[in-house]
Structure formats: C-alpha cells, structure tokens
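The values are calculated or read from the model by the stated rules, or taken from the named source; none is laboratory data. None of the values given here were measured: they were computed from a predicted structure. Cβ sites come from the backbone with ideal geometry, for glycine too, and all protein chains shown count toward neighbours. Remember, those area values only see protein heavy atoms, side chains included, never the ligands or the DNA or RNA. Shrake-Rupley method; radii C 1.70, N 1.55, O 1.52, S 1.80 Å.
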Amino acid sequence: MPDIADPRDRLIVALDLPDVAAAERLVERLGDAATFYKIGYRLGYAGGLAFAERLARQDKKTFLDLKLHDIGNTVEEGVRSASNLGATFLTVHAYPQTMRAAVKGRGNGLKILAVTVLTSYDDADAAEAGYALPVTELVAQRAEQAREIGIDGIVCSALEAQAVRRVVGSDRLIVTPGIRPADAGLGDQKRVMTPAQARAAGIDHVVVGRPITGAEDPRAVARTIIAEMEGA
Ligand SMILES: O=c1ccn([C@@H]2O[C@H](COP(=O)(O)O)[C@@H](O)[C@H]2O)c(=O)[nH]1
C-alpha cells in the first residue's frame, strides 16, 4: 500500500456543487482541514476543470472523476489531454479496452483509477444492467483485469476493499466512495461503510461528498472523518 504521510490526504472531498463560486466558498471554509478535492460531472461541466487546474497550482491535490468510457482512441487522447491539468487521479470505467487506452494516454504522473461497479449499485441493479455476476464477483473480476493492464488504482466500495486488496496487492491504490459517517443519510448510495470501517478494511482514500457539502460546519465534519480514520 503506498505510504500516505499526511492523514488529511486520505480524505477526498467531492466538490459536487453547482458552480465554481460555490466550490471556492467550500474550499475556503475547509481551509487546511482538507488537502484533496474531487471534481466530477456537476462542477466539471460548469467550469470545474479550469478550477481544478487552479487548485493544483495552489498545492491542493485534485481528482478528476470523469469516468471516461469510449472507443480506445478517444479515451487515449482524452487521457492525454487530461494529463496536462495537474491532477493526481483520473477515473475511467473498468472495461479492458478503455483501461488499456487510458494506460497508453496517461502522462505527467497522472494516476488512472478504474471504477469497478458504482457504489449506488447492488446485485439487483447489476442484474438489471445485464450482468450475470453478483457485484462482489464483478468487482473482483474487474480489479484483476485492471491489475493485469497496469491501472494505478481501483474505485470500489469499502465493503469489497479486503477482497480487492488480495487481488491487486499492496502497490495499487484502493479509493472508496460510498462513505457515510454513522449519523449521515445514505442518499442514493447502496454499498456503504463508515470512515473507520473503511480504513480498517485497508482502503487508501475515502471520497466524501454530501455529508461534507451539506453540513452546517463542513470543516468539523472533515476533521472528524480524518480523526475517525486515524483511530481505526
Ligand atoms: O462508485 C462510485 C464512483 C464515484 N462516486 C462519486 O463519489 C462521490 C460520492 O458522493 P457522496 O455525496 O458522498 O455520495 C460522488 O461524486 C460520486 O459521483 C460514487 O459515489 N461511487
């Protein structure tokens, strides 16, 4: 497992906010409590990529959660472009052709994470989408393929972290959304764990959005999540 010297780096705050002004306000309120930010579709399509570049220049770590999936050439060139944005992580969906293309296109130290099965999916959702395997098996199969292809890390639920670690070994990252403090609502997440449970299961980073973005005191929530993981 890669060494993470600063415990704050374990928490990735999902900036799922409507515009850059709102994201700037949250980053300001979090101050030094947070070091790592994720930009996904909502903010990304509202000026968030330029904002991510700015954050990177301010020594914040950034995670572009673009979940790329397209024909190989498009993914490869898209990853090549994204490699110039100063980000630490970029996601692609864990389809072998897509992952191979992403590995070809990555540069400038950008790490590619493969999204195995979305944490809002349970077995019934996977079956509805046409998959014959239960989620745990699908995650393990995709993690194995990601390892063989040379992907840098796996996105899965913390519920699968121990099984994924057995598949990918110690030098690949495990990054887990679907994290909820014990008193937080699940929203649309179905495969969830608390920060302490996730850390005990051997994850490298947790991704937390609404429990922080919707909090009256986001800084206090971020600090509590980090402390909870430290104590696990
Ligand atoms: O499997 C996945 C992959 C990505 N996500 C993203 O993480 C955050 C989670 O936000 P919460 O508000 O804490 O639920 C969000 O940006 C998702 O797009 C995920 O949840 N599951």
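I'd like to know how the stretch 1-107 sits against the 2.2 N^0.38 Å rule of thumb: what's its Cα Rg over that expected value?
My calculation over the Cα atoms of the stretch 1-107 gives 1.10.
I'd like the accessible area for T88: 1.4 Å probe, protein heavy atoms, all chains in place, Å² to the nearest 10.
40 Å²
Do the alpha carbons of any pairs in K38/K61; K60/K111; K60/K104; K60/K190 sit beyond 18 Å of each other, and which pairs? Kindly include the intermediate steps, with their values, before the conclusion.
Working: K38/K61 9 Å; K60/K111 16 Å; K60/K104 26 Å; K60/K190 30 Å.
Where the Cα-Cα span goes over 18 Å, the pairs concerned are K60/K104; K60/K190.
So what does M193 come to for accessible area, using a 1.4 Å probe and Å² rounded to 10?
Around 40 Å² of this residue is reachable by solvent.
For R100, R180, give the ranking by accessible area with the largest first, probe 1.4 Å.
Result of the area sort, largest leading: R100, R180.
Rounded to a whole number, what is D in µm²/s for the stretch 22-64 from Stokes-Einstein with the Kirkwood radius over alpha-carbon pairs (10 °C, 1.306 mPa s)?
154 µm²/s
When each pair of different Cα atoms in the stretch 138-199 is counted once in the 1/r mean, what is the Kirkwood radius in angstroms, to one decimal?
One decimal place: 12.1 Å for the Kirkwood radius.
For the chain, take N as its residue count and report Rg(C-alpha) divided by 2.2 N^0.38 Å.
My calculation over the Cα atoms of the chain gives 0.95.
Report the FRET efficiency, 1/(1 + (r/R0)^6), for R25 and A129, where r is their Cβ-Cβ distance and R0 is 35 Å, rounded to 0.05.
Values: r = 37 Å, r/R0 = 1.05.
With R0 = 35 Å, the Cβ-Cβ based efficiency is 0.45.
Based on Cα positions only, what radius of gyration and what Dmax would you give for the stretch 129-232, in angstroms?
Values for the stretch 129-232 (Cα only, Rg and Dmax): 14.5, 44 Å.
If the convex hull of the alpha-carbon atoms of the stretch 60-128 is projected onto planes in all directions, what is the mean projected area in square nanometres?
Over every viewing direction, the Cα hull of the stretch 60-128 projects on average to 5.0 nm².
With a probe of 1.4 Å, find how much accessible area the stretch 113-222 has per residue, and write the answer as a whole number in Å².
Computed with neighbouring chains in place, this is 41 Å² per residue.
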